[in-house]
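Working notes, structure below.
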Amino acid sequence: MRSSIPGLGRVMVFLAAALASASFAIPEDWGEEGVQYGQLGTDVNLSCPGVRAGSPVQWRRAGATALPEGSAVQQGSLVLPSASLASMGTYSCHGKDGGLLHTVSLRLGHLPGVPFVSCRASDYENFSCSWTSTVETFLPTRYITTYRKKSLTGEEKRRNRNGHMGLCLQDPSRPGTCTVHRSEFWSSYRLNITEVNPLGFNYRLLDVTMQAIIKPDPPEGLVVEPIPLAPRRLHVSWKYPSSWPKEPHFQLRFRLQYRPIIHRSWSVVETVNLSEVITDAFAGLEHVVQVSAKDFLDAGNWSEWSAEARATPVRDLASTASEETTTDARLESLAEEPSQAPNPEPINHSDPLEKVAVLVSLGIFAFFVLAAVLVITVLIWLRVRKHGKDKTKPNFLVAATHLKALPSESWC
């Protein structure tokens, strides 16, 4: 829906605004007296008010010796066919005697295009929309920004038959944006962003649901601190964004990302608290930390990441002392032996792993020795026992034979 007739501007703008169930008059005065606007690529007609019909009229162009190529004077008016940017300038019409009759400044451009619009809610009470023009018009431009509530309760329908409607308020300090205040989190709205210039208008209708467009601002006050005597830990704390109202029914949850400064990959942790302890940091390495926020019930989108904060976990005291001892021993060895041959790396006999390995080896060796002694002892015992049985058996047989050989008379 476009209008190329300046005189219809007010009517067409009214119709565009009516599509959003709200209408707001647009002033026809663009603040430039004596200016005529025309559309590029079309024939432009410059009139000379006050000239009598049939009277000769002369047209001149300021700063030029001749009029644009192809121009013609018809019934006192100057016609510029297929006007281009080169046709812009100040024109004047003069009577037969050369007297000035009228002066007009010609500005050329295009009709507005359909603006590109996006909306976002940084909290659950207000939302803002921003837009950009899709056509370079070369002309002064204004915007009508209105809204209406789509889903109405019975009470709202009784109060207003046309629905809840109003202005999306524009802030002069933030061109290209408007804000709907006191919006309802569970409601839907229809936005109408209408772009208007002296040649006509164009508009964009956009349906907005608060739950879909909510995107908090990044958390604030991010602080990262090392924890004493904890070489792999960092304490991280932050605050709610100042734009998010403090209400118990609308909380935020958070996402924490961190990495050593020399690494590229991030570790990510989610939490509902305002602080977190990183337990797998690298001792002695500087870490980069950021945090973002999202609605607790997962509505909308994550905020942008906060500004970076950095901290370095404390170094492990035991490993630091071991490194210092090794370094001192190496230096003393080099001082005592003036030989230019390289000295071998000194062995650290106090290494606890080495002690454990030695103890385990000794234990295994002792186990095998004891097992061998036990086996030998059992074998000797079995051999002695068998030998004793063999000696007892012959004596018994001799005694039995002797009893049988005695004469029967000896029993009488």
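The values are calculated or read from the model by the stated rules, or taken from the named source; none is laboratory data. Quick caveat: nothing in here was measured; it's all calculated off a predicted structure. Note that we place each Cβ from the backbone using ideal geometry, even for glycine, and neighbour counts take in every protein chain shown. Each accessible area value is taken on the protein alone, full model and side chains, heavy atoms only, with ligands, DNA and RNA left out. Shrake-Rupley method; radii C 1.70, N 1.55, O 1.52, S 1.80 Å.
What to note about this one:
- Accessible area in the full protein assembly, largest first, 1.4 Å probe, for 377, 271, 312: 377, 312, 271
- The residues 302, 266, 131, sorted by heavy-atom accessible surface at 1.4 Å with ligands and nucleic acids left out, run 266, 302, 131 from largest to smallest.
- By average C-beta atoms within 10 angstrom, highest first, the peptides 369-376, 168-175, 248-255: 248-255, 168-175, 369-376
- Solvent exposure ordering (accessible area, 1.4 Å, most first) of 94, 181, 263: 181, 263, 94
- Note on segment 220-311: with neighbouring protein chains present and a 1.4 Å probe, carbon and sulfur make up 51 percent of its accessible heavy-atom surface.
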